[in-house]
Amino acid sequence: MRHHRLVSALLVLILLAGAAMPAAAAWEPTKPIEFVVPAGTGGGADQMARLIAGISDKHKLSPRPLIVVNKAGGAGAEGFLDVKGKKGDAHTIIITLSNLFTTPLHTGVPFSWKDLTPVARLALDQFILWVNAETPYMTAKDYIAAVKENAGKPSQKKMGGTGSAQEDQIITIQIQQAIDGTKFTYVPFKGGGEVCVNLVGKHVDSTVNNPIECASHWKAKRVRPLAVFDTERIPVAEWKDIPTVKEALGVDIHYLMLRGIFGPPNMPKEAVDWYVGFLKKVTETPEWKKYMDEGALKPAFASGDEYAKWVEENEKLHRELMAKGGLLKK
Amino acid sequence: MRAADLATAVVLMGLGGLVMFDAVRLGYDWGSDGPKSGFFPFWLAVALVVTSGLIVVQALRRHSPQPFVSREQLRPVLAVLVPATAMVLIMEVAGLYVASALYVAFYMRWVGRHRWITIALLALGLPLATFVIFERWFLVPMPKGPLEAWLGL
Amino acid sequence: MGFENLLLGFHIAVTPFNLFVAVVGIMLGTIIGVLPGLGGANGVAILLPLTFTMPPTSAIILLTSLYWGALFGGAITSILFNIPGEPWSVATTFDGYPLARQGQGGQALTAAFTSSFVGAFFSIVLITFFAPVLAEIALKFGPPEFFAIQFLTFSSFVGLGGGNPLKSLVSILLGFILAAVGLDIVTGQLRMTFGFTELMKGFDFIIAVIGLFGVGEILLSVEEGLKFQGTSTGMNLRVVLDTWKILPRYWRTFVRGSFIGFWMGFKPGGATPASFMSYAFAKRFSRNADRFGKGELEGVVAPETAAHAAGVAAMLPMITLGIPGSPTAAVMLGGLIIWGLQPGPMLFKEKPDFVWGLIASMYTGNIIGVLMVLAFVPFFAAILRIPFAILTPLIVVVCAVGSYAVHNSMIDVWYMVIFGVVGYVFKKLDYPLAPLVLALVLGDLAENALRQSLIMSQGSLAIFFARPISGVIMAVALLFFALPVVTPWWRRFRGGSVGTPAPRET
């Protein structure tokens, strides 16, 4: 008896699956979309991916669900290689952060953005120089003076950051190269949240965290933002009093991190178009806008050639920055 | 027993050597800000080689008449291991669901000699349950093969 | 704060809807806990979309209940099949599985669930009344303190394992070496990958454990021609009541485990080392130390108490500081943002109803949880009565599915098979597996913390002793390392001072 029910259940399942086959001409996902995150759970990229999956569910933007899969191994190389291997697959996308550029450049793992199909740029993430709120450094100038004073001594100022040879260290090296006499001890941690907590706990002297990673500690008056690594101030209410590095220190150091989406190599054109439209709708929801504001992210939607060109320029920029910092694979 | 002991220790020594080789490439000394990448692997590997070496010496000195595994013991072990390996191989091409159904059916019939009806129930039920729990509830995609592609899953 | 706030919290948590949500969460969580490879993070991530339509407090209750369920459920497969469903249940296998083999699976499960509950309750009470103070202490834990804790965990195991010391050492070394494979986050270099991209992500602890313990054990038991033994007791709840009569005997272990768990749970990934440390301490102080590893109930109580205490404590940094104490908490934090809450130190002030509702739900969730799992003890124990030729392939398939699910990667399934063979061979040749697993789980964390500390101190080891907290922990750890040497001497000294005649033959 139970056996029969099982068989019929199986039949129903098959029929359902058949019915779900698309008839329309325009491409639509026909099975769940694997959304790869080349970073661990809880980080900025992971949060954004899960937010997109959530928004898609809530507003019914996609006929099939997005399944977030973390593939963080080898500084994200695991995720990128996985997507690189899925040639022509229309049901896999990957969210990128700067490790799209830094990981292959530093480790020599064979992948590049050129292996993937650019889909869309969603936003750009800011970087801010933070110190502990109990320190006497009210401005970036104060702090840099202290950095210079302690350079080369056992009390040399410690800069905390995420990983090694990634964006945080690149920015740290940029400061050292732009301002004579500055020298930091760079302490690598596993994730951005951990970095900021180590700043609150005074285990490091400063960090270059993304705004969202330190925002709540700032509200609790435990950390103090000194300068934004951008050419203009962040235009969101509570953030706009923070000066840019140029205003604060007179040198221009700017760095923005990509939050974008790529597909596997040779992703069908129709599928790319669908994802662009889908992501566009995602970025127009109130939840997305709220997240952008709270995290002081720069909305920067772009797709097609505009996106590809931007990525190409950015890879060149990373190569230059990392070459200058001695971070390229030897 | 002695032969197996020796073989294992020798394999471990080889492994240690391999690790040392890579650790040298990474730099195994103490840099200006603490140990380099290869420092710990290198010394761990050195210790592994030395310890395994001592185990070799120990094993050579001691005689144990008992064999590592007798023929009667080996048969059921291989009866589990070989089909399991085959299942993983099939998984690569046909996906997890087909492979696990075949494996369960094969083992139950060959070792357990269960009735076909029980076998069919479990061999189909287990992949189905896996599908529902992993793929539907927890949205963990499992490896799939041509069958699933044909079904459009 | 304290009581009034808690009452406010109960007001929110004890509504029919929120209680219903808790039951659903715990049920799903238990399934996650049972299935190796599925972690709390999976479940939370999947339920997250569902929570958009709920008020944030119900949403967080759903997610935390799932987490409690996973904490309870981890013990089930550890005890029944020697397969830890979750990393923090590894130490539970040491005595839980032998108990099940002796037909006492029901007792072991009851002890595990009850201990989990006790540990959780202890942590919840501490969080309720001291959360802000504790958060400040948590902040004092930087890389040096973190390393000191890892060092202490390891030292607590020294001298405990019997058998061939050379083989124990090999086992430890191998664990540390496997832990080092993959990307070194301190320098960003790839280690021991030899150009294979598959090796880049290293060896996952849980896959090693599924192979070494789960598959290895199956191979061993078929070799011995042993069938799994069902419980000797019937399918009723007598076993629960009977076990409860014995448990108060282990009150010291409960207290110790709760403390260890709570303090270790602060830091990410604290539950697993906590369970190991608690096990080691229990064995050290127990009168039945020689029965540990052969089926001693106390050996189930110790790790489970600590693991669940740590699991609850991991919520503390999340609520008070906005940093996740576990991957699951990390995903929950993502949820907070989507619900429009800003996780972090301001949450207590800005959303007291949310925070206290959550804390109150920890009480209700764990009470519901323990009652639910205990009610199923006879059922779980009866699983072992399934004929062997059915159970074996089922376990193998579950292991394969679990290994794949951890990283969605086929290579992990192969690792599982290889680790299975290694586990079988090692067990037969008397290489202990526990040190290997311990080294594998601690190796990565400990090395990172050590090197971060040394970067901070510009290469000076003094940093571990100059800071008060790490200094004390390191001193205790060194004491443990010295213990095997010191103990005989101390015994003689004490024996002499009390006036008993010293042994003449020396």
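The values are calculated or read from the model by the stated rules, or taken from the named source; none is laboratory data. These figures come from a predicted structure and were not determined experimentally. As a convention, Cβ positions derive from the backbone with ideal geometry for all residues, glycine included, and neighbour counts pool all protein chains shown.
Checked against the criterion of being over 13 Å from the mean Cα position of the chain (by Cα) and either under 18 Å from C:P432 (Cα atoms) or of a type outside the set (K, R) (or both), the candidates C:A307, C:A289, C:A271, C:A302 yield just one match: C:A289.
Residue-wise test of (1) over 25 Å from A:P243 (Cα atoms); (2) without any contact (Cβ under 8 Å) to a residue 40 or more places away in the chain.
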residue: A:S98; (1), (2): no, no
residue: A:G108; (1), (2): yes, no
residue: A:T117; (1), (2): yes, no
residue: A:A123; (1), (2): no, no
residue: A:P136; (1), (2): no, yes
residue: A:K153; (1), (2): yes, yes
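Among the residues of region A:168-183, are any under 21 Å from the mean Cα position of the chain (by Cα), over 22 Å from B:G34 (Cβ atoms), among the acidic types (D, E) and crowded, with 22+ Cβ neighbours inside 10 Å? Looking through region A:168-183, none of the residues is under 21 Å from the mean Cα position of the chain (by Cα), over 22 Å from B:G34 (Cβ atoms), among the acidic types (D, E) and crowded, with 22+ Cβ neighbours inside 10 Å. If the condition is being of a type in the set (G, A, S) and either under 18 Å from C:V396 (Cβ atoms) or exposed (fewer than 14 other Cβ atoms within 10 Å of the Cβ) (or both), then region B:59-76 contributes B:S64, B:S70.
Residue selection: A:G160 fails the criterion of being within 22 Å of C:M456 (Cβ to Cβ) and loosely packed, with under 15 Cβ neighbours inside 10 Å.
Residue-wise test of (1) closer than 30 Å to C:H407 by Cα; (2) over 20 Å from the mean Cα position of the chain (by Cα); (3) not small (G, A, S).
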{"residue": "C:L139", "(1), (2), (3)": "no, yes, yes"}
{"residue": "C:P143", "(1), (2), (3)": "yes, yes, yes"}
{"residue": "C:F154", "(1), (2), (3)": "yes, no, yes"}
{"residue": "C:N164", "(1), (2), (3)": "no, yes, yes"}
{"residue": "C:I177", "(1), (2), (3)": "yes, yes, yes"}
{"residue": "C:L183", "(1), (2), (3)": "yes, yes, yes"}
{"residue": "C:F194", "(1), (2), (3)": "yes, yes, yes"}
{"residue": "C:L199", "(1), (2), (3)": "yes, yes, yes"}
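Against the test of being crowded, with 23+ Cβ neighbours inside 10 Å, among the aromatic types (F, W, Y), modelled with pLDDT of 90 or more and in contact with a strand residue (DSSP E or B) (Cβ under 8 Å, 6 or more places away or on another chain), the options A:F80, A:F35 yield a single qualifying residue, A:F80.
Among B:A79, B:A84, which is the only one that is closer than 30 Å to C:V397 by Cα, in a helix (DSSP H, G or I), facing another protein chain (nearest Cβ under 8 Å) and modelled with pLDDT under 90? Exactly one residue qualifies, and that residue is B:A79. State yes or no: is B:L81 on the phi < 0 side of the Ramachandran plot and outside the structural domain of B:L12 (by TED's automatic domain parsing)? Judged against the criteria, B:L81 is a match. Of the residues making up region C:274-286, those that are in a helix (DSSP H, G or I) and more than 12 Å from the chain's Cα centre (by Cα) number 6. The residues on offer are C:T51, C:T77, C:T93, and the sole one that is of a type in the set (S, T, N, Q) and either under 21 Å from C:I359 (Cα atoms) or part of a loop (DSSP other than H, G, I, E, B) (or both) is C:T51. With respect to the conditions (1) surrounded by fewer than 17 Cβ atoms within 10 Å (Cβ to Cβ); (2) facing chain C (nearest Cβ under 7 Å); (3) modelled with pLDDT of 90 or more, B:L96 falls short on a single one, namely (1). The strands (runs of 3 or more DSSP E) found wholly in region A:189-303 and carrying at least 2 residues that are more than 30 Å from A:E320 (Cα to Cα), touching a residue at least 12 places away in the same chain (Cβ under 8 Å) and in contact with a helix residue (DSSP H, G or I) (Cβ under 9 Å, 6 or more places away or on another chain) occupy A:223-228.
Hey, any hits in region B:64-72 for a residue that's among the aliphatic types (A, V, I, L, M) and in a helix (DSSP H, G or I)? For region B:64-72, residues among the aliphatic types (A, V, I, L, M) and in a helix (DSSP H, G or I): absent. The residues of region C:448-470 that are part of a loop (DSSP other than H, G, I, E, B) and not hydrophobic (A, V, I, L, M, F, W, C), listed by number, are C:S457, C:Q458, C:G459, C:S460, C:R467.
Every residue, every condition in (1) free of Cβ contacts under 8 Å to residues at least 60 places away in the same chain; (2) assigned to a loop (DSSP other than H, G, I, E, B); (3) not small (G, A, S), yes or no:
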residue: A:S62; (1), (2), (3): no, yes, no
residue: A:I67; (1), (2), (3): yes, no, yes
residue: A:A75; (1), (2), (3): no, yes, no
residue: A:G79; (1), (2), (3): yes, no, no
residue: A:A90; (1), (2), (3): no, yes, no
residue: A:I95; (1), (2), (3): no, no, yes
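Inside region B:30-58, residues that are at the interface with chain C (Cβ under 9 Å from one of its Cβ atoms), aliphatic (A, V, I, L, M) and surrounded by fewer than 19 Cβ atoms within 10 Å (Cβ to Cβ) make up a count of 2. Picking from residues in region A:184-206 that are among the charged types (D, E, K, R) and out of contact with any Phe, Trp or Tyr (no Cβ under 9 Å at 6 or more places or on another chain), the one that is farthest from the other protein chains (Cβ to nearest Cβ) is A:K202. Taken over region C:405-415, the criterion of being within 7 Å of chain B (Cβ to nearest Cβ) and crowded, with 23+ Cβ neighbours inside 10 Å is satisfied by C:A405, C:V413. Given the criteria modelled with pLDDT under 90, of a type in the set (A, V, I, L, M) and over 21 Å from C:G163 (Cα atoms), does B:L26 qualify? So B:L26 fits the description; yes.
Does C:Y431 fit the bill of being among the aromatic types (F, W, Y) and surrounded by fewer than 20 Cβ atoms within 10 Å (Cβ to Cβ)? Judged against the criteria, C:Y431 is not a match. Taking region B:130-153 as the range and being at pLDDT 85 or above and facing chain C (nearest Cβ under 10 Å) as the test, the residues that pass are B:T130, B:I133, B:F134, B:M142, B:P143.
More than 7 Å from chain B (Cβ to nearest Cβ), surrounded by fewer than 20 Cβ atoms within 10 Å (Cβ to Cβ), assigned to a helix (DSSP H, G or I) and touching a residue at least 40 places away in the same chain (Cβ under 8 Å): does that describe C:I473? Judged against the criteria, C:I473 is not a match. Looking across B:L96, B:L147, B:L124, one residue alone is part of a helix (DSSP H, G or I) and under 22 Å from the mean Cα position of the chain (by Cα). It is B:L96.
Selection of region A:89-111 for residues being small (G, A, S) and at pLDDT below 90 yields A:S98, A:G108. Only a single item in (1) away from chain C (no Cβ under 12 Å); (2) at negative phi; (3) not in a helix (DSSP H, G or I); (4) not polar (S, T, N, Q) is not met by A:G181, and it is number (2).
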